[in-house]
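**Student:** One structure, as structure tokens, below. Some questions next.
FYI, it's all coordinate maths here, none of it is from the lab. Bear in mind that the values here come from a model prediction, so they are computed numbers and not experimental data. Ideal geometry is used to build each Cβ from the backbone, glycine not excepted, and the neighbour counts take in all protein chains shown.
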Amino acid sequence: MPSDALLQVEALTAHYGPIQALNGISLEVKPGELVAMVGANGAGKTTLLHTLSNVHKSSGGKVIFDGQEITRTAPHKIVQAGICHIPEGRQVFAPLSVEDNLLLGGFTQRKNKAWVEEELAKIYTLFPILKEKRRQAAGTLSGGQQQMLAMGRALLGRPKLLLLDEPSMGLAPLLVAEIFRVVRELNEKGVTILLVEQNAKAALGIADRGYVLETGRVVLSADADELLADEAVQKAYLGH
Amino acid sequence: MKRLSGFYLLAIAVAALPFIFPDNYFVTVVGVSAGLHAILAVSLNLLMGYAGQISLGHAAFFGMGAYTSAILTTRYGWNPWPTILVGAAFTGVVAYLVARPILKLKGHYLAMATLGLGIIVHIVIVQMGWLTGGPDGLGSIPSLSIFGWEVDSDERWYIVIGTLLMLVVWLALNIIDSRSGRALRGLHGSEVAAEMMGIDTAATKTGVFVLAALIASVAGSIFAHQQAFVSPDSFSFFFSIELVTMVVLGGMASTYGAVLGAIILTFLPELLVVFEDYEVMIFGGILMGMMIFLPQGLFIGLQELLRKLTRPKKTPATPVAEKKESSHGAA
């Protein structure tokens with residue numbers, strides 16, 4: 001199918017045992033876009049990202065990335081293809097040092113040692129606190145610092161597409177603003193991002209386009225501004 | 001350099017002991033078995049301590065190496081050296097074949113599966129008497145000869161096994177610090193997160209499982225030639241448990257800890273012989289005490305104790321500095 005999308009998802013379904021979590025999801029992300037997927041707890045947001053990364057097997061539908069079907073590709077090969085996933089709850093490698101965590105992010109870039117060094121320096125500039133604590137165990141970082149670490153780690157995988165799962169989870173409002181500012185900044189530097197969030201206002205605030213997910217279905221899709229102005233969305237997710 | 005300073009210390013200690021205590025039973029006889037145990041513990045620690053995959057069947061790979069060497073030299077008249085390689089190749093293939101299905105299991109299930117593997121190998125050794133000598137074992141296994149240098153005394157075995165131990169420790173230290181080592185330590189914490197980093201977790205786990213088996217097999221072959229006799233008892237389920245105890249006691253995810261654990265568990269029973277009937281009770285009591293007071297293992301526990309004792313005055317300064325750092329990070 002001719003399409004200019006970087007990521008094209010068609011009628012994707014996923015199950016947990018007999019329970020259907022994704023009910024035929026279709027969406028697309030174009031190169032350079034920042035797309036937000038918002039929805040309540042249990043809508044299937046995390047499942048969607050897990051299914052895209054294939055750490056959770058889909059039960060039907062198609063995922064096409066960069067012109068290649070990756071629906072059944074092994075998770076590590078999907079990372080090699082250029083999709084980096086920042087999981088919900090950060091999932092940093094707690095006993096490993098901050099620097100080892102970052103280097104693990106560059107695991108797929110073994111042939112680009114010079115690039116990894118350069119990118120590592122950039123990440124340390126972007127998040128100076130990580131440089132300061134680079135010898136410390138990642139588990140000793142605060143939640144916000146761990147989120148920064150998780151983002152830096154994913155960037156070292158040289159992503160064409162970044163899947164970002166609930167970066168605001170468990171963070172103080174000030175930190176949430178800081179994280180979202182960095183997400184926006186990364187996108188402006190050219191990283192394509194699919195952001196999944198419960199915090200609809202913050203997510204739609206920085207996104208180009210948005211999807212609203214409800215019980216495993218996309219119920220709305222529009223430009224982010226339109227969604228922010230939409231009455232139903234305001235009632236359900238923005239608390240107006 | 002700094003990374004390997006512990007390695008040099010250990011090498012010097014291993015080399016110096018026979019000079020400090022010449023003709024000492026504890027150095028050349030108990031020391032040799034401590035060295036073999038240390039090799040096994042270091043290899044098991046790669047799998048258990050770093051990659052987080054429990055194995056209760058490590059003695060099986062040790063036994064495969066030992067019996068391959070024993071059978072080929074005594075029944076077929078082979079030179080000892082190629083039997084070490086054949087043993088390693090055979091063990092490696094077996095480990096590779098069982099690794100994929102076994103390593104899909106986690107936690108208790110993985111422990112059960114490796115336990116099963118250990119018991120099966122033990123039963124095979126006992127039952128295949130025509131080949132393995134059954135419960136009686138196999139004797140008159142020839143000793144090693146290195147370019148005409150016969151390894152025929154306790155001192156010479158000490159040199160061979162000490163060298164092999166240092167080689168294995170060096171290998172382990174380098175692996176842990178490499179890209180693959182980071183992958184191992186990563187999947188220990190979370191396999192899903194490791195996959196999200198692009199790590200092929202199945203291949204990585206299989207790789208470390210096979211490597212640990214290969215090292216155990218080589219140690220087994222050396223053991224067979226050194227003892228000149230093998231019997232199934234040396235490769236039973238209990239020995240697997242002992243190896244696990246060495247790793248846990250010394251400190252998981254520490255190569256030096258594994259060495260220390262092996263040395264202590266080899267020497268302790270020798271030293272406790274004086275208590276005769278109460279030997280086992282005291283042995284158990286010491287183990288329990290160590291695990292209660294030094295739960296991260298002896299090596300890390302002692303390190304921390306040493307740090308506390310040597311720099312008692314710096315402790316109050318650290319929390320203040322940390323507070324400053326974290327407030328900076330939140331801003």
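**Student:** Could you work out Rg/(2.2 N^0.38 Å) for chain A, with Rg from alpha carbons only?
**Tutor:** After normalising by residue count via 2.2 N^0.38 Å, the value is 0.98.
**Student:** Report the one residue of B:LEU298, B:LEU265, B:ALA41 whose Cα lies farthest in the direction of the positive end of the charge dipole of chain B (charges on C-beta: Lys and Arg +1, Asp and Glu -1; origin at the Cα centre).
**Tutor:** Farthest along the dipole direction, towards plus: B:LEU298.
**Student:** Sticking with this one: Once the Cα atoms of helix B:298-310 and of chain B are each reduced to a long axis, what angle between those two axes, in degrees from 0 to 90 to the nearest 10, is obtained?
**Tutor:** 40
**Student:** Other chains near A:102-114: what is the mean number of their Cβ atoms within 10 Å of each residue's Cβ?
**Tutor:** Neighbouring Cβ atoms belonging to other protein chains average 3 per residue here.
**Student:** Helix B:107-127 sits at what angle to the longest principal axis of chain B, using alpha carbons and giving 0 to 90 degrees rounded to 10?
**Tutor:** Roughly 10 degrees between the two axes.
**Student:** Gain in length, B:ARG75 to B:ASP154, computed as 0.36 nm per residue apart minus the alpha-carbon separation, to one decimal in nm?
**Tutor:** This chain segment gains 25.9 nm when fully extended.
**Student:** How many nm is it between the label spots at B:LEU309 and B:VAL93, if each spot is 7 Å from the Cα in line with the beta carbon?
**Tutor:** 5.2
**Student:** Right, here's the next one. Magnitude of the Cβ-charge dipole of the range B:2-293, K/R +1 and D/E -1, about the Cα centre, nearest 20 debye?
**Tutor:** 1200
**Student:** Among A:GLN147, A:PRO31, A:VAL9, which residue has its Cα positioned farthest towards the positive end of the charge dipole of chain A, with +1 placed on the Cβ of Lys and Arg, -1 on the Cβ of Asp and Glu, and the dipole taken about the Cα centre?
**Tutor:** A:GLN147
**Student:** Still on this model: Mean separation of Cα pairs under 8 Å and 6+ residues apart, divided by the residue count of chain A: what relative contact order is that in percent?
**Tutor:** The normalised contact order for chain A reaches 28 percent.
**Student:** Same structure, new question: Can you give the Rg/Rh ratio of the protein assembly as shown, where Rg is from the C-alpha atoms and Rh is the Kirkwood radius?
**Tutor:** Dividing the radius of gyration by the Kirkwood radius yields 1.06.
**Student:** Now for a separate question. For the range A:140-240, with only Lys/Arg (+1) and Asp/Glu (-1) charged at the beta-carbon, what is the dipole magnitude about the Cα centre, in debye rounded to 20?
**Tutor:** 420
**Student:** For the protein assembly as shown, with only Lys/Arg (+1) and Asp/Glu (-1) charged at the beta-carbon, what is the dipole magnitude about the Cα centre, in debye rounded to 20?
**Tutor:** Rounded to the nearest 20 debye, it is 900 debye.
**Student:** Pulled fully out, how much extra length does the chain show between B:GLN296 and B:VAL274, if you take 0.36 nm times their separation in residues and subtract their Cα-Cα distance?
**Tutor:** 5.0 nm
**Student:** In square nanometres, what is one fourth of the surface area of the convex hull spanned by the alpha carbons of the range B:2-293?
**Tutor:** If I average the Cα hull's projected area over directions, I get 16.4 nm².
**Student:** Turning to a different aspect of this structure: Charges on Cβ only, +1 for Lys and Arg, -1 for Asp and Glu, centred on the Cα centroid of chain B; of B:ILE199, B:TYR50, B:VAL274, which one is farthest towards the dipole's positive end?
**Tutor:** The Cα lying farthest towards the positive end belongs to B:ILE199.
**Student:** Exposed loop trypsin sites (Lys or Arg not before Pro) only (DSSP loop, at most 14 other Cβ atoms within 10 Å): please give the longest stretch of chain A free of them, not including the sites.
**Tutor:** So the longest stretch without any such site is A:1-56.
**Student:** Put one equal scatterer on each alpha carbon of the range A:98-210, apply the Debye formula with no solvent term, and list log10 I(q)/I(0) at q = 0.12, 0.14, 0.21, 0.23 1/Å to two decimals.
**Tutor:** Taken in order of the listed q values, log10 I(q)/I(0) reads -0.41, -0.56, -1.21, -1.39.
**Student:** Hey, what angle do you get for helix B:279-293 against the long axis of chain B, alpha-carbon based, 0 to 90 degrees rounded to 10?
**Tutor:** With rounding to tens, the tilt is 30 degrees.
**Student:** Further, regarding this structure: Can you compute the FRET efficiency between A:ALA121 and A:GLU185 using 1/(1 + (r/R0)^6), with r the Cβ-Cβ distance and R0 = 22 Å? Round to the nearest 0.05.
**Tutor:** That pair, A:ALA121 with A:GLU185, gives E of 0.85.
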